[in-house]
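Input: a single structure, listed below in structure tokens.
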Amino acid sequence: MNHDNNVTKDLNIGIAGLGNVGEGVINLLQENSELIEKKLQKKITIKGISAKNKGKQRNCNIDSYTWYENPLELARSKEIDVFIELIGGEDGIALEVTQTAIESGKHVITANKAMIANHGNFLIELAEKNKTLLLFEAAVAGGIPIVKLLKESLSSNSITKIYGILNGTCNYILSSMENNSIGFDASLKEAQRLGYAEADPSFDVGGFDAAHKLSILSSLAFGTTIDFSSIHIEGIEKISLDDIQAAKENGYKIRLLGISEKKLSGIRQYVEPCLVSDKSLISSIDGVNNAIVVDGNFVGEITISGLGAGSNPTASSVVADIFDVANNSTVSNLGMPIHRMKDFKITEEVIDNNQYYIRMLLPNIAGSIANVTKSMADHNISLSAINQRSDGKNNTNDYASVTIVTDVTTNISVNKVLDQIAKNGQVKGLPTIIKIQQT
Ligand SMILES: NC(=O)c1ccc[n+]([C@@H]2O[C@H](COP(=O)([O-])OP(=O)(O)OC[C@H]3O[C@@H](n4cnc5c(N)ncnc54)[C@H](OP(=O)(O)O)[C@@H]3O)[C@@H](O)[C@H]2O)c1
């Protein structure tokens, strides 16, 4: 790609959004200015800033910068080469300023995964038309440089699978349930107290934030346009302490994974809680950390981990994108020009060969477990482990929480058994089914 507006002089930037990430970017540019200038042989100058509330106390020094009341004016300003969007939100002002900046010939850098997941194809096409860069390293996994890794270092590999822990809030909740033997609600409260979860946590715990990031990773990995809408999304709300403990007893941990894999008939993308071996690298990722595993046909398997959010790590990724602009990068925004990308094709395969973990409440009467194991045997499902958990909070005098780990079988067989058990009135409520991921 040739950019007409290649930057050969010092770089002038405008920053809209001075929250967690915006403050981090300003602090990084100020604190490391000497190092940055030495490496780039260029000066990065902040020519304008904008946020909602001018009088707000900030965790950074903005005294010497020109304040723009209206971020759209900053996006159009002739003073800047690069517009940095750190406001957030899928639509609204974030989308408007991004579009305006691109149409005004500016390079744009954003950390906004919701916007890229939903409007990335349109915005990238617009950027290519205007010969500008639209960069979003910070939109996936905070400080982890996975976008550049896929776009550049691994670009010659054919990738078959990419998966990872893409949401720090969920990972904190799950690992704290595991390490402190507390339930989901208590763990969520603790995450909120520590500032790791929002007051309304549904976006994170429901798996949507991880899905936004996964849609971007799929596109970079498989050379397909971004397709957030085809992701199957399950959150972690259903995970109980019983599940965490039963997994542990069987040599597993539970992690919310975003997985995208190439199948014969297309690509399958899903976000769901999974059991992973407690000996795997991914199971050792605790707390708010993120990790991503990429499987390439020449490089083999690579795992990259680190802080997936936070002011400083995310700022590090934003500034990495500033370096790309300053170095006149000619790498396409998604690793190849968008008109050369294939449209996303969802796989038609629905048969999933896996081991499964199942938890159900069965009547506390003789023979109820035997009935379940018989149904399993009737559908050729053999069991790797079965436990009746007597200490679970779901246990009552009438029902017991029973956990099962199957050998490899199909989702279809598992669903047939569970339908049969439900029809026979042998189970209370809906069983919890969790896939065991081979990691
Ligand atoms: N936080 C993270 O760790 C993290 C990690 C990766 C990616 N991201 C992404 O980075 C982006 C920013 O996140 P954040 O955590 O920094 O958000 P934040 O703390 O909520 O900050 C948002 C900023 O946008 C400003 N703003 C809101 N509405 C505006 C408007 N109409 N015009 C101008 N400015 C407006 C706010 O102004 P006031 O300050 O005056 O209210 C605030 O400075 C989001 O897209 C987020 O998904 C965040």
Report task. Give me the lysines in straight-line cross-link reach of LYS78: C-alpha distance below 21 Å, same-chain residues under 8 apart excluded. Result -> LYS9, LYS42, LYS43, LYS47, LYS106, LYS129, LYS131
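Between ASP10 and ASN179, 0.36 nm times their residue separation minus their Cα-Cα distance comes to what?
On the way: separation 169, 0.36 × 169 = 60.84 nm, distance 4.97 nm.
55.9 nm is the gain from fully extending ASP10 to ASN179.
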Query raised in the report: Net charge near LYS9, counting Lys/Arg +1 and Asp/Glu -1 over other residues with Cβ under 11 Å of its Cβ?
Result: 0
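What Kirkwood hydrodynamic radius, in Å, does segment 11-139 give when the mean of 1/r is taken over all pairs of distinct Cα atoms and then inverted? Show your work: numbers first, answer last.
Values: mean 1/r = 0.0681 Å⁻¹.
That comes to 14.7 Å for segment 11-139.
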Query raised in the report: For labels at VAL408 and GLU249 in the simple 7 Å Cα→Cβ model, what's the distance in nm?
Result: 2.7
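Do any trypsin sites (Lys or Arg not before Pro) in segment 263-331 lie in a loop, going by DSSP, with at most 12 other beta-carbon atoms within 10 Å of their beta carbon, and if so which? Mind showing how you got there, number by number?
Values: sites: LYS263, ARG268, LYS279; in loops: LYS279.
Of the trypsin sites (Lys or Arg not before Pro), the ones in loops of segment 263-331 whose Cβ has at most 12 other Cβ atoms within 10 Å are LYS279.
What net charge is computed for the residues neighbouring PHE83, neighbours being all others with C-beta under 10 Å from the C-beta of PHE83, Lys and Arg scored +1, Asp and Glu -1? Numbers along the way, then the final one.
Values: positive: ARG76, LYS106; negative: ASP81, GLU85.
Here the charged neighbours net out to 0.
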Report summary line: Computed over segment 146-307, the relative contact order (Cα-Cα under 8 Å, seq sep at least six) in percent reads 34
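Once the Cβ-Cβ distance between ASN364 and LEU194 is put in as r, and R0 is 60 Å, what FRET efficiency do you end up with, to the nearest 0.05? Could the numbers behind the result be given before it?
Numbers: r = 39 Å, r/R0 = 0.65.
About 0.95, to the nearest 0.05.
For a quick check of your reading of the filter: which GluC sites (Glu not before Pro) in segment 14-77 sit in a DSSP loop and have no more than 15 other Cβ atoms within 10 Å? Walk me through the numbers before you get to the answer.
Numbers: sites: GLU23, GLU31, GLU34, GLU37, GLU69, GLU73; in loops: GLU69.
Those satisfying the criteria are GLU69.
Which entries of LYS213/LYS416; LYS189/LYS279; LYS263/LYS345; LYS253/LYS428; LYS189/LYS213 show an alpha-carbon separation above 22 angstrom in the structure shown? Provide the component values of the computation, followed by the final result.
Numbers: LYS213/LYS416 33 Å; LYS189/LYS279 29 Å; LYS263/LYS345 10 Å; LYS253/LYS428 25 Å; LYS189/LYS213 25 Å.
Where the Cα-Cα span goes over 22 Å, the pairs concerned are LYS213/LYS416; LYS189/LYS279; LYS253/LYS428; LYS189/LYS213.
Please label the shape of the chain as rounded, prolate or oblate, based on the square roots a ≥ b ≥ c of the eigenvalues of the alpha-carbon gyration tensor (a/c under 1.5 means rounded; beyond that, a/b larger than b/c means prolate, else oblate).
Values: a/c = 2.67, a/b = 1.95, b/c = 1.37.
Because a/c hits 1.5 or more and a/b exceeds b/c, the chain counts as prolate.
Computed from the coordinates by the stated procedures, all read-outs in this text should not be read as laboratory data. This structure is a prediction, so every number in the text was calculated from the model and none was measured. All Cβ positions, even for glycine, are placed from backbone atoms using ideal geometry, and neighbour counts span all protein chains on display.
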